[in-house]
Amino acid sequence: MFFLLFTYLYTLNFNFISCHNNLNVSCIKIEKEALLNLKKGLIDPSSRLSSWIGEECCKWEGIVCHKKTRNVIKIKLRNTFNLVDDVGDGYQSYELGGEISPSLLDLKSLRYLDLSSNNFGGNQIPKFFGSFRKLRYLNLSNAGFGGPVPPHIGNLSRLHFLDLSSYSINEPFANNLKWLIGLQSLKYLNLGSVDLSKVKNHWLQSVDMIPSLLELHLPQCMLSNLPLSFEFFNLSSLLVLDLSNNGFSSLFPSWLSKLGKLAYLDLNLNALRGAIPIELANMTSLQTLDLSGNSFLEGQLHEQLGNLCNLRELDLSLNNFTGDITKFIDGLSRCNESKLERLNLGYNAGLGGTLPDSIGFLKNLKYIELWKNSFVGMIPDSIGNLSSLEYLILVWNQMSGQIPVTLGKLSKLVVLDLFENDWWGVITEAHFTNLTSLKELYISSNSLPPSPPLVANVDTEWIPPFSLQYLKFRSCRFGPKFPMWIRHFTELQTLTFRRAGFSDTLPDWLWEMNWELEELDFGYNQLKGRVPTTLKFKPGPVPFDIGYRYPDLTDLDLSQNSLNGTIPLSISKITNLVTLVLSNNHLTGEIPDFWDEVPILYTLDLSNNSFIGRVPSTLSTLNSLRFLMLSNNHLSGEFPLGFQNFSSMITLDLGNNQFSGELPSWIGEKMPVLLALSLRSNMFKGEIPREFCNMTSLHFIDVGSNNLSGNIPSCFGNLNGMTLDPESQRYEGQLNVFSKGRDILYKDNLYLVNGIILSGNHLTGEIPEELTNLSRMNTLNLSMNHLSGKIPEEIERLRQLETLDLSRNEIHGTIPAGMTSLTLLTHLNLSHNHLSGRVPTANQFNTFNDPSIYMGNPDLCGDPLQNKCCKDETEEEPDLHQDPPYHSSPSEFGEMGFFVSTGVGFVVGFWGVCAILIIKSSWRHAYFQFVGYLGDKLFVIFILPWASWRRSRS
């Protein structure tokens with residue numbers, strides 16, 4: 001990044017030599033004593049200063065003297081060690097710390113001071129640093145200094161280079177940057193990762209007071225105000241401008257076009273919007289342009305941008321560009337000698353068309369990155385002209401046709417990624433003839449009949465001209481024989497032959513290879529033979545020194561293993577980390593609080609572990625974060641307030657934890673581009689904020705299994721993300737979704753999920769009719785609440801619905817007849833409500849023959865329930881929109897008349913006799929006299945003979 005300035009800065013060394021090469025030169029005594037006092041105040045756990053003994057201080061490590069005057073002119077104590085040494089239970093640190101002695105002021109000729117990458121424990125920068133009048137180079141980056149920067153630094157009027165990046169401060173630059181005005185010789189300024197949000201005077205006005213400035217680096221400084229115009233502008237000599245990873249949300253500022261000498265412009269990971277102005281084409285000195293990770297819209301790339309003939313790097317990835325790139329590429333190819341080395345247009349879903357033949361004229365191209373776009377058609381044959389090409393990445397497009405044989409000319413190609421397209425035709429050895437540098441090869445086909453398949457016509461004994469580390473073929477027919485040429489790849493880490501048409505026995509030599517495989521996939525073949533269990537990962541912790549061993553990693557994925565222990569703190573040393581995935585392990589403890597040291601992290605997945613405690617505060621500093629998955633842990637506390645900084649968040653998953661408190665309304669305001677939100681199975685309470693409706697791009701929301709109350713916001717019907725064609729709204733990410741009665745992990749196809757899950761709460765009121773506006777919704781789960789009212793009549797508009805669960809509520813009325821038109825419905829549960837009437841039997845409802853779907857609704861009848869509907873209802877389908885009027889048949893009347901007349905006759909006869917006996921006493925006496933006489937008669941006729949018979953038997 002310092003590619004222009006240091007040609008000049010390093011010329012400072014021509015008049016200086018280290019006394020290592022001049023044995024006749026000894027240092028000045030007072031300066032030697034000053035250095036010894038410095039050593040005395042420093043903490044040096046690794047004895048880096050062990051050479052600081054004897055009289056010849058010019059020979060000491062890190063000390064440089066002037067060859068004539070013998071004055072100390074350079075102190076170079078930068079910590080250059082990125083590794084740690086094992087010493088039993090711990091490790092040895094190479095970071096210097098402690099106090100800096102003011103005796104350094106005796107070094108009157110000091111011009112160069114580098115204390116970077118050490119750890120001074122939050123101590124403030126010594127004020128006396130402002131007294132080094134001859135100092136030209138000061139580097140205190142990542143050195144652990146704290147507190148406000150002393151304004152005395154502004155006294156260094158001869159300073160050319162100042163680097164305070166990753167400054168560990170408690171109260172960041174609380175007052176102003178006015179001290180910069182004294183640095184009138186400054187050519188390089190880097191305040192990266194320094195919080196400038198509270199600076200009172202505008203940052204641009206402050207740096208504009210340094211007209212000598214050639215490089216300005218202000219990445220991740222929490223800036224939010226990028227003025228569209230600037231009246232007074234003194235930075236006309238600026239060569240490098242880095243404003244990446246801030247909070248800018250304006251249009252592209254017009255004053256940038258005034259920087260006629262600018263060679264490097266980095267505005268990535270902001271939220272700039274609108275169109276890229278055509279004035280940018282006038283910045284003909286540009287060599288690097290990075291506008292990735294913004295929200296630029298409004299169509300195609302200007303053809304005039306092809307005038308940037310000095311451009312070496314162009315990164316427009318992670319934006320919203322649309323249209324065809326043919327004219328843009330044609331413009332670049334018309335340069336007499338295009339210098340473009342890197343072209344990254346990845347993740348612009350609407351950017352497409354075919355790749356033009358003119359791309360073959362960009363002879364200096366080393367990187368072509370067109371991942372996750374909408375390109376179609378074939379790869380042009382002219383691609384074989386790009387003799388310098390090292391990376392060709394076309395994954396996740398809609399390209400098709402035959403893969404050109406001219407790819408075999410690219411002798412410098414390291415990565416060839418053609419995964420997830422619709423290739424067909426034949427691949428032969430000729431496609432790989434001269435690919436001697438190839439390390440990664442990914443080819444797959446999504447082509448379906450009647451399109452022809454993708455077939456590999458490669459001899460099983462072929463000797464490849466390269467040695468791969470990553471090999472992935474999917475849906476490419478190699479079989480039936482297993483390829484023997486894999487034996488030549490001794491450094492393989494990934495091996496995939498999925499749907500390769502093998503019908504062979506796995507050879508024994510395959511398991512004798514000394515591979516350290518990360519991935520092995522022979523799925524969907526007909527292979528036979530043994531698979532040794534030794535291929536599985538063994539349980540163990542993440543290496544504690546992983547960050548020191550691999551400081552240059554950008555992507556770290558250790559998921560799906562049996563790792564235990566805690567997250568090692570050394571991961572904070574991987575400062576360029578973009579992706580960190582540790583999911584599906586057995587990691588424990590609290591999530592460490594070092595995230596401000598990995599400032600460009602884009603994806604963080606710690607799901608399915610056993611982490612405890614609260615979300616660390618520094619996580620909120622990652623305004624570059626797009627995907628955050630912390631589900632299935634034991635995290636607690638309220639919804640983190642710092643998440644307000646996640647204005648570009650796409651997927652947020654906090655499900656299955658122990659978070660509590662109310663859902664803050666600012667989620668809907670501060671995360672306007674959120675596409676997937678899962679907060680299920682926590683302890684959130686209160687109402688669902690109506691502000692959630694501001695997330696109009698939302699495809700999926702799951703707040704099920706909490707303690708939420710109140711009504712379902714009717715404005716959920718405005719979530720336009722669930723009305724769009726998913727193929728036009730592809731996005732990456734993964735999420736566990738409870739759908740169709742089980743947890744389903746959606747990975748590459750998460751963009752297909754459109755759903756609302758509010759189950760397991762205490763919601764009341766009716767189901768909003770407005771939800772039927774969400775025409776692309778495929779999952780609706782409102783079960784286990786206290787919802788009332790009827791099922792919306794317009795529910796038939798949800799033609800994409802696959803899962804509907806309204807069980808365990810208080811819903812009444814009939815099942816709308818229009819629901820039979822939901823032909824994609826595969827999972828239905830209406831049980832335990834107050835529904836009535838007949839169960840529909842048309843279309844998809846004929847497949848719902850499980851009575852548990854409707855159980856707990858005693859007034860429902862018809863198949864598959866045992867409660868049969870009345871006979872006439874079996875002959876004629878009732879109108880389920882209203883209660884049917886009652887009509888009795890003749891047979892019904894006859895049966896009813898019989899029972900009615902019997903009852904009336906009994907009443908009249910009984911009370912007719914009793915009333916006479918009560919009223920007329922003579923009739924009453926005669927009646928009871930008759931009864932008595934009848935009793936005596938029965939006694940003589942039956943009882944006496946029976947008693948005589950009993951005695952005769954005894």
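At a glance:
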{"quantity": "14 Å beta-carbon shell around H152, net charge (K/R +1, D/E -1)", "calculated": "+3"}
{"quantity": "Residues in the stretch 402-425 reached by a label modelled at W462 [backbone nitrogen below 18 Å; 7 Å Cα→Cβ]", "calculated": "402-419, 423-425"}
{"quantity": "Neighbour-count ranking [beta-carbon atoms within 10 angstrom, fewest first] of H827, H699", "calculated": "H827, H699"}
{"quantity": "Cα gyration tensor shape of the stretch 512-644, rounded if a/c is under 1.5, else prolate or oblate by comparing a/b with b/c", "calculated": "prolate"}
{"quantity": "Cα-based shape type of the stretch 334-423, given that a ≥ b ≥ c are square roots of the gyration tensor eigenvalues and the cut on a/c is 1.5", "calculated": "prolate"}
{"quantity": "Neighbour-count order for E303, E369, fewest beta carbons within 10 angstrom listed first", "calculated": "E303, E369"}
{"quantity": "Cβ crowding within 10 Å averaged over residues, with 686-698, 667-679 ranked highest first", "calculated": "667-679, 686-698"}
{"quantity": "Hull-based mean projected area of the stretch 764-816, where the convex hull spans the alpha carbons, in square nanometres", "calculated": "3.2"}
{"quantity": "Phi-based couplings in Hz for the stretch 180-194 (Karplus 6.51, -1.76, 1.60; Gly and Pro marked x)", "calculated": "5, 5, x, 8, 6, 9, 5, 10, 10, 9, 10, 10, x, 6, 8"}
{"quantity": "Given K409/K528; K127/K261; K127/K198, the pairs whose alpha carbons are separated by over 28 Å", "calculated": "K409/K528; K127/K261"}
{"quantity": "Restraint check, K258/K363; K76/K366; K32/K134; K327/K472, Cα-Cα greater than 27 Å", "calculated": "K258/K363; K76/K366; K327/K472"}
{"quantity": "Global form of the stretch 208-354, assessed from the alpha-carbon gyration tensor, a/c cut-off 1.5", "calculated": "oblate"}
{"quantity": "Environment charge of K412, counting only residues whose C-beta is closer than 15 Å and scoring Lys/Arg +1, Asp/Glu -1", "calculated": "+2"}
{"quantity": "Dipole of the stretch 333-403, positive end: most advanced residue of P356, L386, W371 [Cβ charges, Cα centre]", "calculated": "W371"}
{"quantity": "Charge tally in the Cβ shell below 13 Å around E33, where Lys, Arg are +1 and Asp, Glu are -1, E33 excluded", "calculated": "+1"}
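None of the figures in this text is laboratory data; all of them are computed from the coordinates on show. Computed from a prediction, not measured in an experiment: that's the story for all the values here. FYI the Cβ positions are ideal-geometry reconstructions off the backbone, even for glycines, and counts take in every protein chain you see.
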